[in-house]
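The values are calculated or read from the model by the stated rules, or taken from the named source; none is laboratory data. On a predicted model such as this, the values are computed, not experimentally measured, just so you know. Positions of Cβ are generated from backbone atoms using ideal geometry, with glycine treated the same way; all protein chains shown enter the neighbour counts. Side chains included, ligands, DNA and RNA excluded: accessible areas come from the protein's heavy atoms. Shrake-Rupley method; radii C 1.70, N 1.55, O 1.52, S 1.80 Å.
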Amino acid sequence: MSIINAILDINPNAKVNIVGNNIDTCEINWLEGTTPISKNDIKAKINETQYQKNREAEYKPIKD
């Protein structure tokens, strides 16, 4: 999951500009009065989504 996707999952109305691809080193510019989201919260959302994708891959749906 990209940084911007994680941010938009947390706040779908966020207006943001991101410079860089690494959450630890990127610069996040919050625009139009968007309340900043901490990098720790963004990292948590990225990890949560990655965990869900991994679980889905491990456990295929049961067909009727």
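Couple of notes before you dig in:
- Residue-averaged [θ]222 nm for the chain, counting only DSSP H segments that reach four residues, each worth -39500 (n - 2.57): -14000 deg cm²/dmol
- With the charge dipole of the chain set up from +1 on Lys and Arg Cβ and -1 on Asp and Glu Cβ about the Cα centre, the Cα lying farthest toward the positive end among the listed residues 47, 11, 37 is that of 47.
- Among the chymotrypsin sites (Phe, Trp or Tyr not before Pro) in the chain, those located in a DSSP loop and surrounded by at most 15 other Cβ atoms within 10 Å of their own Cβ are 59.
- Size of electric dipole in the chain: Cβ of Lys, Arg +1 and of Asp, Glu -1, about Cα centre, debye, nearest 20: 140
- Among the protein heavy atoms of the chain, carbon and sulfur supply 47% of the accessible surface, probe 1.4 Å, non-protein parts ignored.
- Per residue accessible area in Å² of the chain, where ligands, DNA and RNA are left out and the probe is 1.4 Å: 77
- Set of lysines near residue 43 by C-alpha distance (under 20 Å), chain-local residues within fewer than 8 positions excluded: 15, 53
- For segment 11-64, the list of trypsin sites (Lys or Arg not before Pro) that fall in a loop by DSSP and count at most 16 other C-beta atoms within 10 angstrom reads 15, 63.
- Summed over all non-identical Cα pairs, the Kirkwood treatment of the chain gives a radius of 13.0 Å.
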